[in-house]
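First comes the structure, then the notes that go with it.
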Amino acid sequence: MIFLQVKELSKNNGERRAVDAISFSMEAGQKIAIAGETGSGKTTLLKMIGGFIQPDSGVVLFEDKKVSGPLEQLIPGHPFIAYLSQHFELRNNYAVHELLEMASKLDEAEAQKIFSVCQVEHLLLRRTNELSGGEKQRIVLAMQLIKKPKLLLLDEPFSNLDAIHEQTIKQVIHDVCEQFHTSCIMV
């Protein structure tokens, strides 16, 4: 069984072709990087893979089942595919532990493992408006991991970080993929 298969995926943005007949496959546990110029359709491709944007043509198969787009289901997105945007947002004026508890249905031990791997344990009592960009990004990643995804889509995870936070998030992504056996596509 092929873990992920993208077949002839295309999307138009107005009169311009954002993604043009992209095809590839991915095995479970694999990490793939997608590179390209600004505006070349990388984010659009990730969002179509995750079921957040409806493709104009082509299909995405995840574990041999079609990933439905937002025109085919009430709530966009696939339950086992997590998407981490380059423009991550957290609700203002919440304590970090409150946000994580709202998203979590895990027992305490499983949640603590995620917090440890994402290096956010020391941030749980802080408020969201007191966090740096790198800290916010790791918290959003922890919120995504609470859903136990099999595939993680990362949209330019290093673009808005200083050198210290970039190294930290690189280590966190590596640890997430290794410890949770999560596959990854990164722009």
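Take the residues in region 53-86 that are in contact with a strand residue (DSSP E or B) (Cβ under 7 Å, 6 or more places away or on another chain) and among the hydroxyl-bearing types (S, T, Y), then tell me which one is most open to solvent (accessible area, probe 1.4 Å).
S57
Condition test on E89, is it among the acidic types (D, E), within 19 Å of the chain's Cα centre (by Cα) and open to solvent by 40 Å² or more (accessible area, probe 1.4 Å)? Can you show your working first?
Details: among the acidic types (D, E): yes; within 19 Å of the chain's Cα centre (by Cα): yes; open to solvent by 40 Å² or more (accessible area, probe 1.4 Å): yes.
Taking the combined requirement at face value, the residue satisfies it.
Go through region 1-10 and count every residue that is more than 16 Å from L153 (Cα to Cα) and either in contact with a Phe, Trp or Tyr (Cβ under 8 Å, 6 or more places away or on another chain) or open to solvent by less than 40 Å² (accessible area, probe 1.4 Å) (or both).
2
Quick check: is even one residue across region 90-105 of a type outside the set (S, T, N, Q) and within 27 Å of M26 (Cβ to Cβ)? It would help to see each step written out before you state the result.
Initially, region 90-105 is screened for residues of a type outside the set (S, T, N, Q), giving 90-91, 94-103, 105.
Within this subset, residues satisfying the condition of being within 27 Å of M26 (Cβ to Cβ) are 103.
Scanning region 90-105 turns up at least one residue that is of a type outside the set (S, T, N, Q) and within 27 Å of M26 (Cβ to Cβ).
How many residues, within region 19-69, are β-branched (V, I, T), within 16 Å of Y83 (Cβ to Cβ) and in contact (Cβ under 8 Å) with a residue 24 or more places away in the chain?
As a first pass, look at region 19-69 and keep what is β-branched (V, I, T): 19, 22, 32, 34, 38, 43-44, 49, 53, 59-60, 67.
From what's left, within 16 Å of Y83 (Cβ to Cβ): 19, 32, 34, 43-44, 49, 53, 60, 67.
Going one step further and asking which of them are in contact (Cβ under 8 Å) with a residue 24 or more places away in the chain, we end up with 19, 32, 34, 43-44, 49, 53, 60.
Counting residues in region 19-69 that are β-branched (V, I, T), within 16 Å of Y83 (Cβ to Cβ) and in contact (Cβ under 8 Å) with a residue 24 or more places away in the chain gives 8.
Sort out which residues of region 147-172 are open to solvent by 10 Å² or more (accessible area, probe 1.4 Å) and either in contact with a strand residue (DSSP E or B) (Cβ under 7 Å, 6 or more places away or on another chain) or under 22 Å from E101 (Cβ atoms) (or both), and write them in order of number.
Step one: list which residues in region 147-172 are open to solvent by 10 Å² or more (accessible area, probe 1.4 Å), which gives 147-150, 156, 158-168, 170-171.
Correct list: K147, K148, P149, K150.
Which of the residues belonging to region 53-65 are part of a loop (DSSP other than H, G, I, E, B) and over 18 Å from the mean Cα position of the chain (by Cα)?
First pass over region 53-65, keeping only residues part of a loop (DSSP other than H, G, I, E, B): 53-56, 63-64.
P55, D56, D64, listed by residue number.
Within region 22-52, can you find the residues that are out of contact with any Asp or Glu (no Cβ under 9 Å at 6 or more places or on another chain), part of a loop (DSSP other than H, G, I, E, B) and open to solvent by less than 40 Å² (accessible area, probe 1.4 Å)? Write out each step before concluding.
The initial filter retains those residues of region 22-52 that are out of contact with any Asp or Glu (no Cβ under 9 Å at 6 or more places or on another chain), namely 24-27, 29-40, 44-45, 48-50, 52.
Right, trim to part of a loop (DSSP other than H, G, I, E, B) and you get 27, 29-30, 34-40, 52.
Once the filter is applied, which keeps residues that are out of contact with any Asp or Glu (no Cβ under 9 Å at 6 or more places or on another chain), part of a loop (DSSP other than H, G, I, E, B) and open to solvent by less than 40 Å² (accessible area, probe 1.4 Å), region 22-52 yields only I34.
For K148, which of the numbered conditions (1) within 22 Å of V187 (Cβ to Cβ); (2) under 12 Å from the mean Cα position of the chain (by Cα); (3) at pLDDT below 90 fails to hold?
If we test K148 against (1) within 22 Å of V187 (Cβ to Cβ); (2) under 12 Å from the mean Cα position of the chain (by Cα); (3) at pLDDT below 90, just (1) comes out false.
Can you tell me which residue is nearest to D175 (Cα to Cα) among those in region 107-117 that are within 19 Å of the chain's Cα centre (by Cα) and of a type in the set (A, V, I, L, M)? Break it down into steps so the answer makes sense when it comes.
Residues of region 107-117 within 19 Å of the chain's Cα centre (by Cα): 111, 113-117.
Next, from what is left, pick out any that are of a type in the set (A, V, I, L, M): 111, 114, 117.
Working: A111: 15, I114: 10, V117: 6 Å.
This residue is V117.
If E178 meets every condition in (1) touching a helix residue (DSSP H, G or I) at 6+ places or on another chain (Cβ under 8 Å); (2) open to solvent by 50 Å² or more (accessible area, probe 1.4 Å); (3) closer than 27 Å to I49 by Cβ; (4) at pLDDT 85 or above apart from one, which number is that one?
(1)
The values are calculated or read from the model by the stated rules, or taken from the named source; none is laboratory data. All values reported here derive from a predicted model rather than from experimental measurement. Reconstructed Cβ throughout: ideal geometry from the backbone, glycine too, with neighbour counts over all protein chains shown. Heads up: the accessible areas ignore ligands, DNA and RNA and are worked out on the full protein's heavy atoms, side chains in. Shrake-Rupley method; radii C 1.70, N 1.55, O 1.52, S 1.80 Å.
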